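*Asks:* I have a structure I would like to understand better, so I am pasting it below and will then ask my questions one at a time.
No lab work stands behind these numbers, since they all come straight from the coordinates. As the structure is a computational prediction, the values presented were derived from the model and not from experiment. Cβ atoms come from the backbone with ideal geometry, glycine included; neighbour counts cover every protein chain shown.
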Amino acid sequence: MERGRVTILRYNPETDQKPYDANYEFPFEPGMSVLDVAFYVYEKLDGTFSFSYCCRNSHCGLCGAKINGQPGLMCRESATREMVLEPLDNLPVLRDLVVERDDYEEPMRGLRLFLDRVNLPSSEPEKIEIEDLDRFKVVSRCVECYSCISTCPAFRESKHEFLGPAGLVQLARHAFDPRDETNRELMAYSSGLYNCTLCGECSIVCPHEIMPKENIELLRARLVGKGQVPRAIHQLVEMVRKTQKAIQLPKRKKAFLEENARAGMGKVGLFVGCNMDYDPNLMPIAIAATKVLLKLGCELAIPAEQVCCGAPLKEVGATEQVRDLVLKNVEVFKKVGATHVLTLCAGCGVSAKNGWPEIYRRETGQEMPFKVQDFTEFVVGHPLLAGSLKGLKMRVTYHDPCLLKRGLGITEEPRELLRSIPQLDFLEMPEADYCCSGGGGLRLTNFEMAKRILKRKMSFLKDMDIEAIATCCPTCIKQLKIGLSQERRDNVKVLHPATVLAQAMGLA
C-alpha cells in the first residue's frame, strides 16, 4: 500500500512553550479525505492529537483547518501524499488544530441572528419572490467554518472594528430575507461594513462558494439605497456624479487626457482611469505606457471622452450610477474602432473585463465590441517586445494587487515581463498577494486601520535588498509609497510595469 506523510503543527499550552511540527506516515488511498488522515493519526499513532469535527459531511464547519497553507474543511478536501495541517489563523489556538470560537461568536450574540419580525404574514404559506429566495439561499449555505476569518487582513489587525466576513454573511442572510423586519444594513454598518478592503480572499477560500466579498458589496449597496453611508462615501458618490471622475484634479494642473489624448481610429485603445488622468504623480505611468505601445507599433487611440470605469462606485455600493459610465466608455472606444482596450489599473481591469460586458448586454442587447486586457497581458505576448528591450540594471520585486490576482487571475504576466528584461534582477516577495489595504474605500473611511494592515505588508520587505516594487494598481502604488515612507525606506521606488518597460526600452 502507498504511504503518505503529514506534517501537523502541534501545540498544547499546558506543556509546550511554542508550537512545533510533528511528522506522521499514513496509508494513502485515493479518495480519502484529510479528515480520514486526522482520524488515522489520532486512532493509530498519537491519541493526544486534537482536532474538531462533527458531521463529516461539510455541514457543521467544525473541521476547518489550514491544509497545505490554505484554509478549508478537512472532511471536504481530498488527502494528498504530502500534506501540512495547521490551525486556522486569526483565532486563538486551544490545542493542536482546535481554535477558540467563542471569542469571535460573542459579539454576534447581540445581533439577533434569527427571523426578527413584528407583522404576521397576510397569508400562509408565505410567498417569497424567486430573486429574493435565490440570494437568501446562497448566504444560507454558510456553515461558519471561519475559513474566511482565517485569511482576512482587516479582521487580523482590527478585531474590535470589523466583525469579519463570516459575521457579515450572517447579517446578509437576514438582510436578504424579505420576511425579516430589522434594519440589518445598519447593524452591518455598526459592525464595520466599510472597514473591509474587499481583497476577495474570503471568496477564494470559502468552501461553499458563498462569495462573502460580493455579499458585503450587496450590503453596502442596500445601505447606499437608504442614504445611510459615511460622509466620505457620500462625497465620493457626489463627485463622480458631477465630474464622472473618482478623484479631483489639483488646481492649476492639466489632466493627462487634456494633453495626451490621441484622436482618430486605432485598433488598440488605452483606458487611462481616474488616477492616472488626474493625479500628477501617476500621470507618468500613462505616458510611459503610451510610449511603450507606440514603440511596439500599435495603432493607438486614447479617447479624451473616456470617464470613470465605475469600480470606485461599485466598491462603496453606489451601483446605480455605474450604468451611465459603462455605456459612455463602451461607446467611446467603439467609435474609434478599438478591437482591444488596455487597462493600467487593476480596479479598472476588473470593472471593464467582468462588469462592462454584462451591463452593456443588458442595456443594449449587444455584445461588447472589443476585448479588454490588462496592459501586461497584452504586452507580454507582443512579438516585437524582446527586440525592443535594451536592459535595465535594477533589483525589483512584485506586489500582486488583490483585484488583479483574485479578480482577474493575472499573476504570471507581470512577472514574466519583469523577468524578460535583460540585467533586471527579479526577487519574489514573501506573501506577495497580501493586501496593502488600499481597496474597498478603507483609505476613505478608516485610514488608521488601513495603515495597520499596511504595516504588516511592509514587514514582508524588511529583509529584501531591493530598489523597486512593481505593481499594476495605482491605489497600491499610493499605499506602498506611504508604507515605505513610514518605514523610512525612501531609497525604494514603487513603479508600474509600464514604467519599468519604458526605462528598459530607453524611452524614459
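*Asks:* For segment 116-274, give the magnitude of the charge dipole about the Cα centre (Cβ charges: +1 Lys/Arg, -1 Asp/Glu; no others), in debye to the nearest 20.
*Replies:* 1120
*Asks:* Given labels modelled 7 Å from the Cα in the Cβ direction, how far is it in nm from GLN70 to LYS44?
*Replies:* 2.7
*Asks:* Considering only CYS476, VAL139, PRO92, whose Cα is most displaced toward the positive end of the charge dipole of the chain, charges sitting on Cβ of Lys, Arg (+1) and Asp, Glu (-1)?
*Replies:* Farthest along the dipole direction, towards plus: CYS476.
*Asks:* Among all the lysines, which ones have a C-alpha under 23 Å from LYS242's C-alpha, if same-chain residues fewer than 8 places away are not counted?
*Replies:* Partners found: LYS226, LYS251, LYS253, LYS254, LYS314, LYS328.
*Asks:* Out of segment 23-116, which GluC sites (Glu not before Pro) are coil in DSSP terms and have no more than 16 other C-beta atoms within 10 Å?
*Replies:* Taking segment 23-116 and a limit of 16 other Cβ atoms within 10 Å, the loop GluC sites (Glu not before Pro) found are GLU100.
*Asks:* In addition: If you take the charge dipole of the chain about its Cα centre, with +1 on Lys and Arg Cβ and -1 on Asp and Glu Cβ, which of GLY381, ILE302, ALA498 is farthest toward its positive end?
*Replies:* Sorting the options by dipole projection puts first ILE302.
*Asks:* Note down the magnitude of the dipole of segment 244-380 about its Cα centre, charges +1 on Lys and Arg C-beta and -1 on Asp and Glu C-beta and zero elsewhere, to the nearest 20 debye.
*Replies:* Numbers: 18 positive and 15 negative charges, 59 e Å.
Using only the charged Cβ atoms, the result is roughly 280 debye.
*Asks:* Mind running the shape call on segment 263-353? Use the C-alpha gyration tensor, a ≥ b ≥ c as the square roots of the eigenvalues: rounded below 1.5 for a/c, prolate if a/b tops b/c, oblate otherwise.
*Replies:* oblate
*Asks:* Evaluate the distance, in nm, between pseudo-label points positioned 7 Å from the Cα of ARG361 and of VAL118 along their respective Cα→Cβ axes.
*Replies:* Each label point lies 7 Å from its Cα, and together they span 4.4 nm.
*Asks:* Between HIS59 and LYS481, what FRET efficiency comes out of the Förster formula 1/(1 + (r/R0)^6) with R0 = 45 Å and r the beta carbon distance, rounded to 0.05?
*Replies:* 0.45
*Asks:* Treating the beta-carbon of each Lys and Arg as +1 and of each Asp and Glu as -1, no other charges, what is the dipole magnitude of the chain about its Cα centre, to the nearest 20 debye?
*Replies:* In debye, rounded to 20, the chain gives about 2060.
*Asks:* Starting from the Cα-Cα distance between MET1 and MET265, subtract it from 0.36 nm times their residue separation and give me the gain in nm to one decimal.
*Replies:* Roughly 88.4 nm would be gained on extension.
*Asks:* Let me ask something else. Amide H of LYS493: which non-local residues (sequence gap of 5 or more, or other chain) have their own amide H closer than 5 Å, using H built in the peptide plane?
*Replies:* Those lying under 5 Å, H to H, from LYS493 are ALA468, ILE469.
*Asks:* For GLN235 and LEU294, what does the FRET efficiency come to when R0 = 45 Å and r is the distance between their Cβ atoms, rounded to the nearest 0.05?
*Replies:* The formula returns an efficiency of 0.75 here.
*Asks:* For the chain, give me every cysteine whose Cβ has no other Cys Cβ within less than 4.7 Å, ordered by residue number.
*Replies:* Result for the chain is CYS63, CYS75, CYS142, CYS145, CYS152, CYS196, CYS206, CYS274, CYS298, CYS308, CYS436, CYS472, no neighbouring Cys Cβ within the cutoff.
*Asks:* Taking the beta-carbon count within 10 Å as an exposure proxy, list GLU467, GLU259 from fewest neighbours to most.
*Replies:* Result, fewest neighbours first: GLU259, GLU467.
*Asks:* For the chain, what is the calculated [θ] at 222 nm in deg cm²/dmol (nearest 500), taking -39500 (n - 2.57) for each run of four or more DSSP H residues and dividing by its residue count?
*Replies:* That comes out to -10500 deg cm²/dmol.
*Asks:* Compute the distance from the alpha-carbon center of segment 82-159 to that of segment 266-306, in whole Å.
*Replies:* 44
*Asks:* DSSP loop (so not H, G, I, E, B), at most 16 other Cβ within 10 Å: list which trypsin sites (Lys or Arg not before Pro) in segment 166-242 pass both filters.
*Replies:* Here the sparse-neighbourhood loop sites are ARG179, LYS226.
*Asks:* Bin width 10 Å, origin at 0, all Cα-Cα pairs of the chain: what percent of pairs per bin?
*Replies:* 4, 17, 25, 24, 18, 9, 2, 0
*Asks:* Now, a different point. Kindly put ILE128, ILE210, ILE247 in sequence by how many other C-beta atoms sit within 10 Å of each C-beta, fewest to most.
*Replies:* Details: ILE128 13, ILE210 23, ILE247 19.
Going from least to most buried by this count: ILE128, ILE247, ILE210.
*Asks:* So which GluC sites (Glu not before Pro) in segment 112-187 are both in a DSSP loop and have at most 15 other Cβ atoms within 10 Å of their Cβ?
*Replies:* In loop regions of segment 112-187 (DSSP not H, G, I, E or B), the sparsely surrounded GluC sites (Glu not before Pro) are GLU126, GLU129, GLU161, GLU181.
*Asks:* Same structure again: Can you give me the Cα centroid spacing of segment 312-368 and segment 425-493 in angstrom?
*Replies:* Result: 28 Å between the Cα centres.
*Asks:* Obtain the nm distance between the two label points defined at ARG109 and ARG419 by a simple spin-label model: each point lies 7 Å from its Cα along the Cα-to-C-beta direction.
*Replies:* Using points 7 Å along Cα→Cβ, the separation is 5.2 nm.
*Asks:* May I ask you to sort VAL84, VAL37, VAL272, VAL379 by Cβ crowding, counting other Cβ atoms within 10 Å and putting the fewest first?
*Replies:* The most exposed by this proxy come first: VAL84, VAL37, VAL379, VAL272.
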